[in-house]
Amino acid sequence: MRTDIFARLDREPEPPKIETPRMSRHRIALFGGTLAFYLAIVIAVLMSSWLVTLDWKVMLFRPYQQWPQIHAFLDYYVVLGQRGPTAVMVACWLGWRSWRQHTLRPLLTLGASLLLLNVTVGAVKYGLGRLGPHYATQIGSAELFAGGDIFPSGHTANAVVTWGILAYLAATPRARRYLSAMSAVVSLGVGLTTVYLGTHWLSDVVLGWAAGLLILLGLPWCEPMITRAENWIFAARERLSARSRLVPALPVAAGDRQPVPAGQPTAAAVEAEAAQGQVRPPVATGSHPAAVAVVTTATGSRPRAHTTPPAHQGHPARSERTPVTPAGSRRPPHADRTPRGGTAPARPVAGG
C-alpha cells in the first residue's frame, strides 16, 4: 500500500459543495447600478465635464515625482494587472481544482470571463480611441477619437476579473469574503498604480473598475452555457476513449502464413484428405479467414484444395506427399522399376 502523497491524491475527492451562483434580485440590482455608473462615466468624459478637469489636475500633479521612492516597487506591482501573467497564475490554481474535483467548471468560467473582458473592454477602448496622459495634445481636452486605446483601463479591469474569479468560485462563504477583499485591494492598488505612473487618467481607472465588476456580476448568465460546454467535452472524451479500447485488425503481409485457429484443419491435412477422396464440409460463414475450403471440380475428378503454397518447395512435408491407399499407389508404374517382392527381369549383357 502506497503511503506517499500521490496515493492520497489518487483517492476520489469529495464532490464540490459549491453552488452555482444565480442571478438573484440583489445581484440584478447591483448589475443595474454598476451599469448605470459605467454609462455615467462614459457620458461625463464625452461631454468634457468636471471629471476630465480632475483628470488633468491629477496628471499635472505628477505623482511619480512626488513619491519617487516607491517607483521601483510599483513597477513590479502593476504586473498583477497584466493579463498574461495573472491569467497563467490563476489558471494553474483553477486547473488544480478542476483535476481534484473532476470538473472543468473553474477553467471554463475563467475562460468565459476573459473572453467577455476582451470583447467588452476592447470594443470600448478602440471605439472611443482616447489618448493617454503622456500623449495628450491639448490641456483640458478629453483626447477622444484620437487613435488611443486606454479608456477604460485594461490593467484595472483585468485585475478585477482575474482575481475576482477566485472569490466567485470559492467553496465556502468565509473563503468568498476573504477572496473578495483580497481582489478588491489588488485591483484598487493596480488602478492607482497606473495613475501614479502616468499611463492612465483617473477616469480610465474608475471605468475599468466598473467594467470588471459588470463581468463578475453577469457571469451567472453564462453558467448554462458553461455547463453545456463541460458536458460536451466529457462526452467527446468518452467517445474517444471508447474508440481507443477497440483493437484494430492487424494486416498480414503478402506471402506470410496466417495463424489457424483452434479446431480448424491445416492446409496440409485438407490436401491429404482431398487426395484420398474425402471431402470436408465447407467452413461456416464467419469463420477465420485462414480456414481452407475444399471445392470439387465440375468434371468429377478429385477435389482441389485452395491453399497457400508452402514456404519451402524443395522438400515437401511428410503429409504433403502422395498418400498410399490400401489399393496401392496412384502413381503410374515405371517400366524400369522393379516392384517390391518381384523378380528383376533379365537384362542383356553387352558384348556377348
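The values are calculated or read from the model by the stated rules, or taken from the named source; none is laboratory data. Values in this document were obtained by computation on a predicted structure and should not be read as measured data. Cβ coordinates were reconstructed from backbone atoms using ideal geometry, including for glycine residues, and neighbour counts include every protein chain displayed. Heads up: the accessible areas ignore ligands, DNA and RNA and are worked out on the full protein's heavy atoms, side chains in. Shrake-Rupley method; radii C 1.70, N 1.55, O 1.52, S 1.80 Å.
Some observations on this one:
- Taking the numbered list (1) at pLDDT 75 or above; (2) under 24 Å from T109 (Cα atoms); (3) loosely packed, with under 13 Cβ neighbours inside 10 Å in turn, K17 passes all entries but (1).
- Pairs linking a residue in the range 110-136 that is at positive phi to a residue that is hydrophobic (A, V, I, L, M, F, W, C) and open to solvent by 20 Å² or more (accessible area, probe 1.4 Å), with Cβ atoms under 6 Å and 6 or more positions apart or on different chains, are G129/F145; G129/A146.
- Residue match in the range 121-134 (condition: in a helix (DSSP H, G or I), modelled with pLDDT under 90 and open to solvent by 50 Å² or more (accessible area, probe 1.4 Å)): yes
- A single entry from R2, R8 fulfils the requirement of being at pLDDT below 90, open to solvent by 90 Å² or more (accessible area, probe 1.4 Å) and part of a helix (DSSP H, G or I): R8.
Yes/no per residue for (1) open to solvent by 70 Å² or more (accessible area, probe 1.4 Å); (2) touching a Phe, Trp or Tyr at 6+ places or on another chain (Cβ under 7 Å); (3) assigned to a loop (DSSP other than H, G, I, E, B):
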{"site": "R22", "(1), (2), (3)": "yes, no, yes"}
{"site": "H26", "(1), (2), (3)": "yes, no, no"}
{"site": "A36", "(1), (2), (3)": "no, no, no"}
{"site": "V42", "(1), (2), (3)": "no, no, no"}
{"site": "W56", "(1), (2), (3)": "no, no, no"}
{"site": "V79", "(1), (2), (3)": "no, no, no"}
{"site": "A87", "(1), (2), (3)": "no, no, no"}
{"site": "W96", "(1), (2), (3)": "yes, no, no"}
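- Answer residue from the range 110-120, given it is open to solvent by less than 50 Å² (accessible area, probe 1.4 Å) and touching a helix residue (DSSP H, G or I) at 6+ places or on another chain (Cβ under 6 Å) and is farthest from I233 (Cα to Cα) among those: L117
- From the list A175, A159, A170, the lone residue that is surrounded by fewer than 24 Cβ atoms within 10 Å (Cβ to Cβ) and in a helix (DSSP H, G or I) is A175.
- When R62 is tested against (1) over 39 Å from the mean Cα position of the chain (by Cα); (2) open to solvent by 90 Å² or more (accessible area, probe 1.4 Å); (3) modelled with pLDDT under 95, only condition (2) is not met.
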